[in-house]
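A.B. asks: Okay, handing you the structure first.
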Amino acid sequence: MEGIRFPVRRGVGRKSLQFIVFGLIAVLAGGVSPNLFAAPQKIDEQGQSTQASSQMGHETGVTTPLAVLIEEAKRNDPAIRAAEQAAKAATFVAPQMSALPDPQFTLQQLSVGSPRPFAGYTNSDFAYIGVGASQQLPYPGKLKLRGAVADRDADTAKAHIEVVLQDEIETLKRTYFHLAYLQQTLGTLERNAALLEQVEQQTEAHYSSGQGNQQDVLKAQLERTKLLREVSMHHQLVGEDQAELKRILRRSQDSADIIAEPVAATFLRYTAAELLDKVREENPNIHENSAIVQRNQTAVDLAQKEFRPDFGVSYMYENTDRKFRDYYELSLNVNFPRRKPRQAALAQAQVNVERAQTDLDTQLQAALAEVQKQYVMVKTSEEQLLIYRDGLIPQAQATIQAGLAAYQSNREDFETLFSSFMDVLSLNLEYQQTILDHETALAHIERLTGVTLPCRRTER
């Protein structure tokens, strides 16, 4: 939210405006929290800047730190659990792929002189009952490579867990920070709506007594209605954030709402070069793509091995009647792979390696570029926070304080005073929006670098 601005009222008489400003001053003195006009606190030696935050009425409940929700998400998030189960299932593939084919057992009966079973068994040495077994034997090394391909698939599935984990954690952080922003700004909007209601009542009273005009009343009503619309939109956004957080945490949607801690910005202490190095070393997408490259390289080795023939061995014992000699049969067989389909399979595996390597390079370059953009955004927002804290907000506060004194001595009109008030409100909201943008960018940097940056604390 970029701040809420309102048209300045015009055409109100001096005597009428005095009644209105007295109501404004009374609300400022007793009905509005001093935090509304309080400047952001100083940045400490660690680079932390805190803001005077307006709290919603229900925020008197227990707040939940972000770290607690992250640990809960790691345990309960359905997407993370699904990725873990997929990785666990992938570990059972390698034992299947590296095992020998199933052996075959054979029972034979040969009749002589008649199709009836056992015909000639007692009077012919050709009739027999046979029992045998056979086993297919892949070329040495094939089974090991098939198991290695399955192991690489399992490694890819394990790397994908971290991808899903970091995606969900980033979503959790972004939603949490946005919820904290809404909670901090909603109180400001509600208090300002109460202030405008006081102004509206004063304007209506003046109009009823003939001291004002209808246009002033309508403008006051319009401005307060606009502000009530903003409050309603805030409630909607809070509800959306609550639903998303409960999804990630696998909580019931009708469970108690989460209250976020007020967020304070802490300046980033990493250089751009350090962050880029962390992308190359820790980015979970890079790890996943690297595992895919290794898997496809192993598949090339297997495709080359498939040019080798497989073998088969079988043994049969044939029993005749006791007065005849038994038979013993041993067989060996070899298949000769057709080269054309094997060559196509090898070419496909080689292309898959090139494609995976290209995807890896594309992912790396995209991550590096995104980190650089987020780094620039973070540094820019830090400069803006200093400008708000040390320049814009103190100057706006000084202006309204001077305006109050000047108006009391009839040296300033109500329009200028009210405009100064709205400047302070807008600048405070913009300051909070800048903190939200700053923290959101840091959360994205953490996602891209795969590490938790030691640069954030929450306001206590």
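The values are calculated or read from the model by the stated rules, or taken from the named source; none is laboratory data. It should be emphasised that the depicted structure is a prediction, and the values quoted were computed from it without experimental measurement. Cβ: placed from backbone, ideal geometry, glycine included. Neighbour counts: every protein chain shown. Just so you know, the surface numbers come from the protein's heavy atoms only, side chains and all, with ligands and any DNA or RNA stripped out. Shrake-Rupley method; radii C 1.70, N 1.55, O 1.52, S 1.80 Å.
A.B. asks: With the condition kept exactly as written, say whether any residue in the range 315-322 is aliphatic (A, V, I, L, M) and out of contact with any Phe, Trp or Tyr (no Cβ under 9 Å at 6 or more places or on another chain).
C.D. replies: No; the residues of the range 315-322 include none that is aliphatic (A, V, I, L, M) and out of contact with any Phe, Trp or Tyr (no Cβ under 9 Å at 6 or more places or on another chain).
A.B. asks: While we're here: Pick from GLY147, GLY130, GLY141, GLY120: which is touching a residue at least 24 places away in the same chain (Cβ under 8 Å) and on the phi > 0 side of the Ramachandran plot?
C.D. replies: Going through GLY147, GLY130, GLY141, GLY120 in turn, just one is touching a residue at least 24 places away in the same chain (Cβ under 8 Å) and on the phi > 0 side of the Ramachandran plot: GLY141.
A.B. asks: Looking only at the range 349-384, filter to residues that are over 22 Å from ALA273 (Cβ atoms) and acidic (Asp, Glu); which one of those is most open to solvent (accessible area, probe 1.4 Å)?
C.D. replies: Within the range 349-384, the match that is most open to solvent (accessible area, probe 1.4 Å) is GLU354.
A.B. asks: Ok, one more. When the residues of the range 285-323 are narrowed to those that are basic (Lys, Arg) and outside any helix (DSSP H, G or I), which ends up surrounded by the most Cβ atoms within 10 Å (Cβ to Cβ)?
C.D. replies: Here the residue is ARG308.
A.B. asks: It is to be established whether one or more residues within the range 95-114 are under 25 Å from HIS287 (Cα atoms) and either assigned to a helix (DSSP H, G or I) or open to solvent by 80 Å² or more (accessible area, probe 1.4 Å) (or both).
C.D. replies: Checked the range 95-114: at least one residue is under 25 Å from HIS287 (Cα atoms) and either assigned to a helix (DSSP H, G or I) or open to solvent by 80 Å² or more (accessible area, probe 1.4 Å) (or both).
A.B. asks: Test each condition in (1) assigned to a helix (DSSP H, G or I); (2) surrounded by fewer than 16 Cβ atoms within 10 Å (Cβ to Cβ); (3) not charged (D, E, K, R) for PHE118 and report the one that comes out false.
C.D. replies: (1)
A.B. asks: Additional query: Are any of the residues in the range 121-129 at pLDDT below 95 and open to solvent by less than 20 Å² (accessible area, probe 1.4 Å)?
C.D. replies: Yes; the residues of the range 121-129 include at least one that is at pLDDT below 95 and open to solvent by less than 20 Å² (accessible area, probe 1.4 Å).
A.B. asks: Also, I was wondering about something else. How many residues are in contact with a Ser or Thr (Cβ under 6 Å, 6 or more places away or on another chain) and surrounded by fewer than 22 Cβ atoms within 10 Å (Cβ to Cβ) if we restrict to the range 151-187?
C.D. replies: 4
A.B. asks: Moving on. Would you be able to say whether some residue in the range 255-272 is in contact with a His (Cβ under 7 Å, 6 or more places away or on another chain), at negative phi and modelled with pLDDT under 90?
C.D. replies: Yes, some residue in the range 255-272 is in contact with a His (Cβ under 7 Å, 6 or more places away or on another chain), at negative phi and modelled with pLDDT under 90.
A.B. asks: Which condition does GLN395 not pass, out of (1) loosely packed, with under 15 Cβ neighbours inside 10 Å; (2) modelled with pLDDT of 95 or more, if it passes all the others?
C.D. replies: (2)
A.B. asks: Can you give me the number of residues within the range 312-330 that are modelled with pLDDT of 95 or more and either of a type in the set (Gly, Ala, Ser) or over 19 Å from LEU107 (Cα atoms) (or both)?
C.D. replies: Residues that pass the stated criteria total 2.
A.B. asks: Ok, one more. Can you tell me which residues in the range 441-460 are modelled with pLDDT of 85 or more and either open to solvent by less than 30 Å² (accessible area, probe 1.4 Å) or out of contact with any helix residue (DSSP H, G or I) (no Cβ under 9 Å at 6 or more places or on another chain) (or both)?
C.D. replies: If the condition is that a residue be modelled with pLDDT of 85 or more and either open to solvent by less than 30 Å² (accessible area, probe 1.4 Å) or out of contact with any helix residue (DSSP H, G or I) (no Cβ under 9 Å at 6 or more places or on another chain) (or both), then ALA441, LEU442, ALA443, ILE445, GLU446, ARG447, LEU448, THR449 are the ones that fit.
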